[in-house]
Amino acid sequence: MTSKYSRFDKPARAENIFLQGARVVDPRHGTDQVMNLHIRDGVLQPTTNDAPTGAEIIDLRGHWITPGWFDLHVHLREPGKEVAETIATGCMAAMNGGFTGIACMPNTNPPLDNAASVNWVRDQARPFPVDVHIIAAVTRGRAGKELVDMTEIVEAGVRAFSDDGSPVKSSAVLANAVQYANMLGARIFEHAEDTYLAEGGSMNESEWSTRLGISGMPTIAEAIDVARCVLISEFTGGAIHICHVSARESVELIREAKRKGIKITGEVCPHHLLLTDEACKTFDTNFKMNPPLRGEADRQACWDAFLDGTLEVYCTDHAPHSWEDKTQEFDVAPFGIVGLETSLSLALTHFLSKGMSLPTLLDRAVYSPREILSQPQPRVAVGEPANLTIIDPAHRWTVKPDEFKSLSHNTPYGGWELTGRARGVVHRGMALIQTF
C-alpha cells in the first residue's frame, strides 16, 4: 500500500517501510543516486525495485534523502525555563527542521554540571527520533571557578564541556579544563567573549549602534578570547571549539591556527551568514543575539570561512525566549533567536545558490558536527541503522513562526519565502514524515 504519510505525521515505528524513488546523497560514503530504501525495524535492508510484501510504500520521487542532520549548538531551556522550551518541544522542533541529532548547552537552571543531570536530560529525549547529546558545564554552577567532575561526566557519555552563555573568564581554569578534557578524549567549547569589553552592549559596535543610540559590543571582544583559546590550545595540546563565530578578526585567527596545526575548530550560524547589524535599525529584538549581527565585512569573512572549511560546522545556536521576555525594549530583552525549524531551508535557499555544493553543505551539517563530538557517522548502507533526513528541495513555503513546534517564536525570518524543506526524519527505529 502507498502511504499518504498520515501514520507518520507523528513519530511512528519504522517497522517495515519502503522509501521509493528518492535521490540518496551520502557523499562521505560515495552515494549519490536515485534509489529505493527498505527499512525493517529501523535497519536498512537490501534494496529491490519492488516493495517487499507487507511494506508500507512512501512515494518520495523528487525528494532527497541524506544522512541525518546534526545541530551542534542548541539551548533546550529545561530544567528551569520551561515556558520558553522543554526537552520534548525542542526535540519536536528538531524533527520538524530535519535534525536527527542535537547537542544541548548546559546553561539551564540548575546547570548541567554533573552526571545525574546529564542522564536525566537524555532520558527525557528517549521517546523521540533525535539523539540529544549533552555538552556539560566546564565549571560547577557555571561560576567559572571550580572544574566539574569531568571523569564522572565523561563516563556518562559526554564528550564536550562548555560554560556557554558566558566564557570561562579565568585563563588558568580554561587551561586546566582543556588539559583534563584532552586526557579524557573530550573537547572544550568556548563562548568567545571578553565580557569586560562587551559589557552593557546590545548590538555590534558600529556606525549603526551610534545611529541608533544602542550600546555596542566590538568585534575585538570576541577576537581577544579567540586569540586566548588559540594560545591555550597550542600550549596544552588540547582541542578547543569556538562557538558561533561572527567576527572577521576571529576568522583570521582560526585560519592561521589551523595552518599551524593547532587544534582549533569553529562553527557559524545562519544569521551571521545572512544578516548584518543594519537589521537592528527597526529595534526588532528578534535581531538581537550574542554574538550580535556584525558588519558586511564580517558577514563576508564568515561566509568565505564557511565555504573553505575554516569554519567547519553549521549550527543554529537555537535560543528560545518567551514572548513576554523578547518583547521588552531592545536593550533589556534577552539575547537569542530560535533556529531549528528554519536552518535547513535557509541553507538550501541561500547557500546552494551562492557556490556551495550539496556535499560541502552536508559536510558542515552532518559529518563535521559528529566528528567534533567523537560520534559515529551515519551511513546509508545495508545493515546500518536508518539515520536519515528526508528533504523536499522544491517545496516553497513562507516562514510562519506561530506554526513552529518550538514553544518560542523569536525568529528574524518571519515572512521569509524559502525553497526546500525537511519532510521528515528516520532514526532510532522511528519515522516522522510530514504532509504539507
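The values are calculated or read from the model by the stated rules, or taken from the named source; none is laboratory data. No experiment lies behind these values; they were computed from the predicted model shown. Note that each Cβ is placed from the backbone with ideal geometry, even for glycine, and that neighbours are counted across all protein chains shown.
Values for this structure:
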| item | result |
| --- | --- |
| Any hit, segment 383-400, residues being more than 23 Å from Arg13 (Cα to Cα) and either buried (at least 24 other Cβ atoms within 10 Å of the Cβ) or of a type in the set (Asp, Glu) (or both) | no |
| Subset of segment 253-268 [more than 21 Å from Tyr367 (Cα to Cα) and buried (at least 18 other Cβ atoms within 10 Å of the Cβ)] | Leu253, Ala257 |
| Residue in segment 215-230 that is in the same structural domain as Gly339 (by TED's automatic domain parsing), of a type in the set (Lys, Arg), farther than 14 Å from Gly295 by Cβ and touching a residue at least 12 places away in the same chain (Cβ under 8 Å) present | yes |
| Every pair of residues 6+ apart whose Cβ atoms lie under 9 Å, when the first sits in segment 283-308 and is more than 21 Å from Glu199 (Cα to Cα) while the second is small (Gly, Ala, Ser) and not in a helix (DSSP H, G or I) | Arg299/Ser246; Ala301/Ala247; Cys302/Ser246; Cys302/Ala247; Ala305/Gly266; Leu307/Gly355 |
| Matching entry among Ala160, Ala192, Ala137 (being under 17 Å from Phe335 (Cβ atoms), among the aliphatic types (A, V, I, L, M) and within 24 Å of the chain's Cα centre (by Cα)) | Ala192 |
| Unmet criterion (only one of (1) buried (at least 22 other Cβ atoms within 10 Å of the Cβ); (2) among the charged types (D, E, K, R); (3) in a helix (DSSP H, G or I)) for Lys281 | (1) |
| Number of the exception - Glu78 against (1) in a strand (DSSP E or B); (2) touching a helix residue (DSSP H, G or I) at 6+ places or on another chain (Cβ under 6 Å); (3) not aromatic (Phe, Trp, Tyr) | (1) |
| Close pairs (9 angstrom Cβ cut-off, 6 or more residues apart or separate chains): among the aromatic types (Phe, Trp, Tyr) in segment 173-186, surrounded by fewer than 16 Cβ atoms within 10 Å (Cβ to Cβ) anywhere | Tyr180/Thr151 |
| Segment 299-325, subset among the hydrophobic types (A, V, I, L, M, F, W, C) and outside any helix (DSSP H, G or I), residue farthest from Met105 (Cα to Cα) | Leu311 |
| Filtered residue count, segment 247-300, keeping only those that are under 23 Å from Ala160 (Cα atoms) and either of a type in the set (Val, Ile, Thr) or at pLDDT below 95 (or both) | 6 |
| Residue, surrounded by the fewest Cβ atoms within 10 Å (Cβ to Cβ), within segment 70-93, restricted to residues that are more than 23 Å from Pro291 (Cβ to Cβ) and either among the hydrophobic types (A, V, I, L, M, F, W, C) or modelled with pLDDT under 95 (or both) | Val83 |
| Candidates Leu418, Leu407, Leu388, filtered to the one that is out of contact with any strand residue (DSSP E or B) (no Cβ under 9 Å at 6 or more places or on another chain) and not assigned by TED's automatic domain parsing to the domain that holds Ala181 | Leu407 |
| All strands (runs of 3 or more DSSP E) inside segment 121-196 with 2 or more residues being under 19 Å from Glu234 (Cα atoms) and in the same structural domain as Asn96 (by TED's automatic domain parsing) | 160-162, 187-190 |
| Which numbered condition Arg40 fails, given (1) of a type in the set (Lys, Arg); (2) assigned by TED's automatic domain parsing to the domain that holds Val118; (3) without any contact (Cβ under 8 Å) to a residue 40 or more places away in the chain | (2) |
| Unique match (being in a helix (DSSP H, G or I) and either of a type outside the set (D, E, K, R) or surrounded by fewer than 18 Cβ atoms within 10 Å (Cβ to Cβ) (or both)) among Tyr413, Tyr367 | Tyr367 |
| Pick from segment 41-63, criterion under 19 Å from Gly101 (Cα atoms) and either in contact with an Asp or Glu (Cβ under 8 Å, 6 or more places away or on another chain) or acidic (Asp, Glu) (or both), ranking: surrounded by the fewest Cβ atoms within 10 Å (Cβ to Cβ) | Val43 |
| Residues of segment 287-336 satisfying the condition of being surrounded by fewer than 20 Cβ atoms within 10 Å (Cβ to Cβ) and among the polar types (S, T, N, Q) | Gln300, Ser322, Thr327, Gln328 |
| Residue within segment 242-252 that is within 20 Å of Val173 (Cα to Cα), assigned by TED's automatic domain parsing to the domain that holds Ala175, touching a strand residue (DSSP E or B) at 6+ places or on another chain (Cβ under 6 Å) and surrounded by 22 or more Cβ atoms within 10 Å (Cβ to Cβ) present | yes |
| Cβ pairs under 9 Å, 6+ apart, first in segment 95-122 and without any contact (Cβ under 8 Å) to a residue 40 or more places away in the chain, second aromatic (Phe, Trp, Tyr) and in a helix (DSSP H, G or I) | Leu112/Trp120 |
